[in-house]
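Take a look at the structure below.
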Amino acid sequence: MKALKFLSILLLYPDKELINHLGELKEFAIANKLDIVMPLLEYLENADMLEVQSHYTVNFDLTPSCSLYLLEHDEDNKNKGSKLLIFLEKYSKENLKLTQNHTPDYLPIYLEYLSLIPKDMAIKEIERYSNVLKKIFDKLLYVNSPYASVFEVLLNKEVLYGLD
């Protein structure tokens, strides 16, 4: 599902490279009827880079309830190591290599992995973390963050099934 890779990219730290590819990202969103994320793309396009980076950092790095590390939301920290290994095993089966300095439960990496597996399996995997995604969505909605739209897509099964 290319759309999950697209959503993965939108959740990466906003840098010059991301901004340079906004035209392509907008085209992808339009072609795949993902109008819901257009406010985020327009925000990334029109806001000052430092503002965008600050917004991202405050929401995803400094607000624990919006952490993009899925296991940070898990109350069972005893098994965190084994759970991280499960992520790595799944990734290795799809020849996905971690190239960033993130643990394997980092949502953008997880979405990239999901983009490589069959749609039905990917949607079932997303559902496993729906409670985490919902918490993040609610918090981002509360602070009026344009990033909430990415989580709205991930939480909508009908939209996910309609994606490529």
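List of remarks:
- Subset of the range 58-76 [assigned to a loop (DSSP other than H, G, I, E, B), open to solvent by 30 Å² or more (accessible area, probe 1.4 Å) and of a type in the set (A, V, I, L, M)]: 62
- Helices (runs of 4 or more DSSP H) fully within the range 116-163 counting 2 or more residues that are open to solvent by 70 Å² or more (accessible area, probe 1.4 Å) and over 20 Å from residue 38 (Cα atoms): 119-128, 130-142
- Considering residues of the range 26-37 that are part of a helix (DSSP H, G or I) and in contact with a helix residue (DSSP H, G or I) (Cβ under 6 Å, 6 or more places away or on another chain) only, the residue surrounded by the fewest Cβ atoms within 10 Å (Cβ to Cβ): 36
- Residue within the range 8-24 that is open to solvent by 40 Å² or more (accessible area, probe 1.4 Å), under 17 Å from residue 129 (Cβ atoms) and either in contact with a His (Cβ under 9 Å, 6 or more places away or on another chain) or among the hydroxyl-bearing types (Ser, Thr, Tyr) (or both) present: no
- Looking only at the range 77-111, and only at residues there that are assigned to a helix (DSSP H, G or I) and of a type in the set (Val, Ile, Thr), the one that is nearest to residue 134 (Cα to Cα): 109
- Matching residues, the range 31-89, being over 19 Å from residue 114 (Cβ atoms) and among the small types (Gly, Ala, Ser): 31, 47, 54, 65, 81, 82
- Selected residue (criterion: most open to solvent (accessible area, probe 1.4 Å)) from residues of the range 77-106 that are of a type in the set (Val, Ile, Thr) and without any contact (Cβ under 8 Å) to a residue 12 or more places away in the chain: 99
- A search for C-beta distances below 8 Å between a residue of the range 20-44 that is touching a residue at least 40 places away in the same chain (Cβ under 8 Å) and any residue that is assigned to a loop (DSSP other than H, G, I, E, B) and of a type in the set (Asp, Glu), counting only pairs 6+ apart in sequence or on different chains, returns 32/164.
The values are calculated or read from the model by the stated rules, or taken from the named source; none is laboratory data. On a predicted model such as this, the values are computed, not experimentally measured, just so you know. In this analysis, Cβ positions are derived from the backbone assuming ideal geometry, glycine residues included, and neighbour counts consider all displayed protein chains. The protein model used for the area step is the full one, side chains on, heavy atoms only, and it has no ligands, DNA or RNA in it. Shrake-Rupley method; radii C 1.70, N 1.55, O 1.52, S 1.80 Å.
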